[in-house]
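These notes concern the structure reproduced below.
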Amino acid sequence: MKRSFDAMEAKPVFLSKEERQRLALERRQAAVADQRRSALDILQSLPRPPPPPPPSVAPRDSSSSHRDPSDRDRGDRGDRDRDRDRDRRRDDDSRRDRDRDRDRDRDEPSRRDRDRDRDRDRDREHRDRERGERDKDREKDRLEKMAEREREKELEAIKEQYLGSKKPKKRVIKPSEKFRFSFDWENTEDTSRDMNMLYQAPHEARLLYGRGFLAGIDRREQKKAAAVFEKETRAEQRRKFGVEDRPEDDVADKKKAAAAEMYDAFDMRVDRHWSEKGIEEMTERDWRIFREDFNISYKGSRIPRPMRNWPESKLGTELLRAIEKVGYKKPSPIQMAAIPLGLQQRDVIGIAETGSGKTAAFVLPMLSYITRLPPISEDNEAEGPYAVVMAPTRELAQQIEEETVKFATYLGIKVVSIVGGQSIEEQGFKIRQGCEVVIATPGRLLDCLERRYAVLNQCNYVVLDEADRMIDMGFEPQVVGVLDAMPSSNLKPENEEEELDEKMSRLQKILTDLGDKTAIVFCNTKKSADNRAKDLDKAGFRVTALHGGKSQDQREISLDGFRNRRFNVLVATDVAGRGIDIPDVAHVINYEMPSSVDTYTHRIGRTGRAGKKGLATSFLTLDNTDIFFDLKQMLTQSNSPVPPELARHEASKFKPGSVPDRPPRRNDTVYASH
Ligand SMILES: Nc1ncnc2c1ncn2[C@@H]1O[C@H](COP(=O)(O)OP(=O)(O)OP(=O)(O)O)[C@@H](O)[C@H]1O
């Protein structure tokens, strides 16, 4: 430390090149002298080396005689050193042994033979030991080399993993390379341009989509551009070849231009937003955008279109007025989607976020359904309500009651809530006094039913609000109990599709075309009339039924509703055909043909009265062959056209029973005559 401190303090001295060389030489000579001195010291301290040993007599190892020359080359110096050491040790041993032997020979000649044997044994042992050691060394070398090779392989694998394989890729010859065409003419020698006019004015290459239009560019513009291009090309050709313009070509051009201007791809109208269109102008694309705009999605089949606004819904004038009074300007998305489904009385599971107007989404179709039923009166109040809404908590039930009452008061519909914490007797009393709607928690309602305070004999409409929560809260047995209290005859068929008649769609079409005019649909039985009325009601028509199974009051209600246009469709059996004063109707439909021509005449007499025009449509199937002959006669006598299907049919040519008839096929429509 001190020296370095001194060295730091010593002043630098400038030395010339010669001086530096001289100093270096002196330092080198001193170092060499030092080395010599220390080497001599070491030599003197060593013991005197023994005389050189005779060449080894040990037999060479057989394996070593067969050693691979390359192994020998590769054998390292360590091997030789070890051998040399071993030899030296062995020589020392044998020298010592010889000395000892000499001494022993001198002392005891008789032991010499024995000792020689022992020496031979020892030599053999010695040789064996040496051979064993050599084998061990060779094995160690082999293992080390193997380990080295493994390490190299591993390194190679890591390299390949990170740097990629360097394996040369096999070159694949493409067919185009294999069979290269060789044209023996130059491109410039192509004469097609001169020969064919088509190539003289080439159209630029275009990517075509759909019906030959470019995507993303207004189709009308593309159509116009194509028309202009065609016109110009033709004019140029004419000029070139001296063809005169013809007036008819001019007219055709104008027509094409006008068509291009008017062009509007079917169902791809992108001219206006859906909100600016009437419902009849809405394309599939508009409906899709509409559903996307309001995040409406459905699962299920035969789903009606969502309603875009209140007036477009089929809720009926009374309810629409009530909605207006309540102040709901626009339906919420769940209402847009669920109300048309509810009005068809389809089973619906509605999912929407909290506060999105779910209550009105189920309340409004429910009230619309109730307005089409006779009001609850002394006659039917004992049969219980028409609809039941169940909710998991009292608070929710009361909230639903508030929302329902908002609209129900305008329609004269009574609502009763049945929740825990209030007198059950009082609640039972309220129900028995008559109400159309019951809103309840399942436990309390089941209690009421079990104690006979209430019945659900005419309840066909059930709403489960927050159904998932109700199940989570363990109300499933109570809900099932309430559902079981409803008459099974009120259940909807398992398979609604089966219930649909292939005639029904025709009937619906006719009634849709009817607009605001009135129609009577005739059926042959009370049951059939009820079913048709139900189907039409589900389909959203303002329909009422009239037949002999209805009480006098119910008949009055139906007829009054039909007269004052609350209903514009009356489904009836022949009771309405005779004796009852029904106003003139625009259209009579024989949904089921009567078996006698007299009844047919009475039925169709409901339209076209007092000199007015009327229309009658009859659905004739092979179930009605009994009337074919008389009907054909009647139409012929009254100079009405006879449909060819009827005229050709065997049953229309003979009085019933006079010729054998083939068994009728059900619902096989022969014709529908107007
Ligand atoms: N079309 C509408 N226009 C204006 N207000 C509406 C409309 N529909 C519902 N509302 C009002 O929105 C509020 C929330 O409605 P509602 O209680 O039916 O929502 P909800 O989806 O049932 O909510 P929750 O899941 O919490 O029961 C109510 O005050 C209701 O009166």
What are the residues in the stretch 378-402 that are surrounded by 18 or more Cβ atoms within 10 Å (Cβ to Cβ) and closer than 21 Å to residue 358 by Cα, if any?
386, 387, 388, 389, 390, 391, 392, 396, 397, 400, 401
So, residue 278, is that one free of Cβ contacts under 8 Å to residues at least 40 places away in the same chain, of a type outside the set (A, V, I, L, M, F, W, C) and either surrounded by fewer than 20 Cβ atoms within 10 Å (Cβ to Cβ) or within 16 Å of the ligand (Cβ to nearest atom) (or both) or not?
yes
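Checking the condition modelled with pLDDT under 75 and of a type in the set (Ser, Thr, Tyr), which residue from 233, 188 passes?
It is 188.
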Taking residue 630, is it at pLDDT below 85 and either more than 19 Å from residue 533 (Cβ to Cβ) or not charged (D, E, K, R) (or both)?
no
For residues that are within 16 Å of the ligand (Cβ to nearest atom) and farther than 17 Å from residue 398 by Cα, scanning just the stretch 419-473, find the one that is surrounded by the most Cβ atoms within 10 Å (Cβ to Cβ).
473
Give the residue that is farthest from residue 554 (Cα to Cα), with candidates limited to residues of the stretch 392-412 that are out of contact with any strand residue (DSSP E or B) (no Cβ under 7 Å at 6 or more places or on another chain) and of a type in the set (A, V, I, L, M).
396
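The values are calculated or read from the model by the stated rules, or taken from the named source; none is laboratory data. Everything quoted here is computed from the prediction, not taken from an experiment. For neighbour counting, all protein chains shown are included, and Cβ atoms are generated from backbone atoms with ideal geometry for every residue, glycine included.
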